Amino acid sequence: MEDSLRLQSFDQLPSAAQFASQIESRNVPAVFVGCVKDWKAVSKWNPSNGGLGYLEERVGSFMVEAMLSQTAPVFYGDLRSHERVPLPFSTFIGFCKWHRQNVGNSCSINSNSQGHQLGESDTEQGCSPFVDAAPKQIYLAQIPIINAENEERVQLETLQEDIQLPAILEQKNLSSINFWMNIAQARSSAHYDPHHNLLCIVTGRKQVVLWPPSASPMLYPMPIYGEASNHSSVALENPDFSIHPRAQCSMEYSQKVILQAGDALFIPEGWFHQVDSDELTIAVNYWWRSSIMSSLSDHMDAYYLRRILGRLTDREMDQVLLKGSTPTWRQESNVDHSLDQAGQSKDSKRKEQEQHSLLLHELRPCALQALHELVALVHDRVNASDQNQPVSSDSTNGLMCSKTNEKDKTLTTEIFHLEEDPVAKILWILEPGIFKDIFLAMAHNFPRTLEALVLHLLSPVGAEVLTRKFDEIDQQNTEENRHKFYQIFYGVFDNQFAAMDAILNGKESFARQAFKNVLDKYVGGNFDVPKLSVG
């Protein structure tokens, strides 16, 4: 976890201005210890202090919508895993009282139990009968006390008198204030909210695990086009790493905080969080739109979407390259030059050797070793192709494909991971000056090898590495020297445009795979990204 994303803790509630400028603007969670301990609700709603009777008296039989789930004590946001059932608030309080009297018993609420049983009066008021449901399967989640977006949904407005608006929210346009209450221990599935959230603990205790938005790939978000798009698809209490391998690293990106009665937690929009609640825990939360989202104009959505996807794709490509391992170069004292000799006349060959033999001689040992390794790799692959022996792949993730073109017996590769491409691994660790010397030496001494490398052996990740190295030497050389370098490099090819196309096509293929990875990690679902059409 980066230090800049670390959760902060405050013993005193800051002013609204301090909160907005120093905490909210950073979009990082913060705990405010004891900031709501003076609420009337903290004492009056406490089940150990007659709070259940007080709540029942205040709200009575007013209808609320409860969450009923067979997966309890874990409550998932997916509509397929639970149902919303209307019931009188007094009925829910009756379940709470029954549970307090029968803690530790595993019996269900049914016709033989001594707990509250849904009778005719309940169903007449619109309550769905669930006579076999145990109290632990029922949860009052997100019951509106105030709802600015839909005033008709407000169900517990009468409880507003027992809470006070925290000072840090005085200037905010609140979307809603909500009531949360569980009977038995409960856990919410990992999810994020589209609003800023201030979670205030009234009674009981909650443990919250938090992940920044950048950790989304580890949590496998549900597809963005689904109704539960803000939830993780990983069952964190019992993850299947064969289905979600990245989830093995999820806890490395997490933070954990325990909230007692009177504490409050600021959860910024977009932060994944999983909440574990003790028995008979009551909380109130405030939601409000962030200034970033409220200032976005609708006509700019497409632009910002492209910018964000572009940034994530660039970052994905960087991460792929950073995962590459350092190659172990073979000591090659004798390199077969037959491929180059076949394409050169004796006169031009003698002229090039006379002019550039000193360049080979002056190459530093590491550069000479890298050059020998590159030449050997090209010859090994091309010889295998000539003998119609496809090169095998150790890849197990479907991202590498090696095949032989039957027409010209040359090898083409589709490799997207640096550690799987020995050519790209060698190029990646070269300093710009050494890289330049090696390719000048190759252009003058082994031109046919260079041509084969670019036209037939350069993988997508290799093309990305090659162009990044070009950028590095461009930054260290004058315009005149850059022009000379590329003149020599591309002068090797009979068709310079074909060489440029091979490099650009590979680079775009690498970016396309990175973009597909981004969609999978952050958007969810399987996407088939079409290739770019040329011409």
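The values are calculated or read from the model by the stated rules, or taken from the named source; none is laboratory data. All of these numbers come straight from a predicted model, not from anything done at the bench. Neighbour counts run over all protein chains shown; Cβ positions are idealised from the backbone, glycine included. These area figures cover heavy atoms from the full protein model, side chains too; ligands, DNA and RNA do not enter into them. Shrake-Rupley method; radii C 1.70, N 1.55, O 1.52, S 1.80 Å.
A few comments on the model shown:
- Candidate set from region 170-182 (those that are modelled with pLDDT of 90 or more and part of a loop (DSSP other than H, G, I, E, B)); member that is surrounded by the fewest Cβ atoms within 10 Å (Cβ to Cβ): Asn173
- Residue pairs meeting the criteria (Cβ under 6 Å; at least 6 apart or on separate chains; first hydroxyl-bearing (Ser, Thr, Tyr), in region 62-84; second assigned to a helix (DSSP H, G or I)): Ser69/Gln137; Thr71/Ser81
- Some residue of region 488-497 being farther than 16 Å from Glu464 by Cα, under 37 Å from the mean Cα position of the chain (by Cα) and surrounded by 12 or more Cβ atoms within 10 Å (Cβ to Cβ): no
- On inspection, Ser81 does not qualify as at pLDDT below 85 and more than 36 Å from the chain's Cα centre (by Cα).
- Of everything in region 128-145 that is out of contact with any Lys or Arg (no Cβ under 8 Å at 6 or more places or on another chain) and modelled with pLDDT of 75 or more, the residue that is farthest from Val85 (Cα to Cα) is Ile145.
- Taken over region 50-78, the criterion of being farther than 30 Å from Pro221 by Cα and open to solvent by 30 Å² or more (accessible area, probe 1.4 Å) is satisfied by Gly50, Gly53, Tyr54, Glu56, Glu57, Arg58, Ser61, Phe62, Met63.
- Of all the listed residues (Pro268, Pro245, Pro221), the sole one being of a type outside the set (A, V, I, L, M, F, W, C), modelled with pLDDT of 95 or more and over 30 Å from Phe95 (Cα atoms) is Pro268.
- For region 487-497, the criterion of being under 30 Å from Leu305 (Cα atoms) and free of Cβ contacts under 8 Å to residues at least 60 places away in the same chain is satisfied by no residue at all.
- Count of region 258-297 residues, restricted to those that are more than 24 Å from the chain's Cα centre (by Cα) and part of a loop (DSSP other than H, G, I, E, B), is 8.
- Pro47 out of contact with any Pro (no Cβ under 7 Å at 6 or more places or on another chain), closer than 18 Å to Gln164 by Cα, open to solvent by less than 30 Å² (accessible area, probe 1.4 Å) and of a type outside the set (Phe, Trp, Tyr): no
- Residues that are aromatic (Phe, Trp, Tyr) and assigned to a loop (DSSP other than H, G, I, E, B) are absent from region 205-215 altogether.
- Residue in region 183-200 that is free of Cβ contacts under 8 Å to residues at least 24 places away in the same chain, of a type in the set (A, V, I, L, M, F, W, C) and open to solvent by less than 50 Å² (accessible area, probe 1.4 Å) present: no
- Test: residue in region 459-469 that is open to solvent by less than 70 Å² (accessible area, probe 1.4 Å) and of a type in the set (S, T, N, Q): yes
- Qualifying residue in region 429-437 (condition: within 23 Å of Val320 (Cα to Cα), of a type in the set (Phe, Trp, Tyr) and either surrounded by fewer than 17 Cβ atoms within 10 Å (Cβ to Cβ) or under 31 Å from the mean Cα position of the chain (by Cα) (or both)): no
- Some residue of region 519-527 being open to solvent by 80 Å² or more (accessible area, probe 1.4 Å) and in contact with a helix residue (DSSP H, G or I) (Cβ under 8 Å, 6 or more places away or on another chain): yes
- Screening Phe32, Phe10 for residues that are free of Cβ contacts under 8 Å to residues at least 60 places away in the same chain and among the hydrophobic types (A, V, I, L, M, F, W, C) leaves exactly one candidate, Phe10.
- The residues listed here are Glu316, Glu252; of these, the one that is open to solvent by less than 20 Å² (accessible area, probe 1.4 Å), over 30 Å from Gln137 (Cβ atoms) and acidic (Asp, Glu) is Glu316.
- Helices (runs of 4 or more DSSP H) wholly inside region 1-107 that include at least 1 residues being more than 24 Å from Glu170 (Cβ to Cβ) and of a type in the set (A, V, I, L, M, F, W, C): 51-59, 89-101
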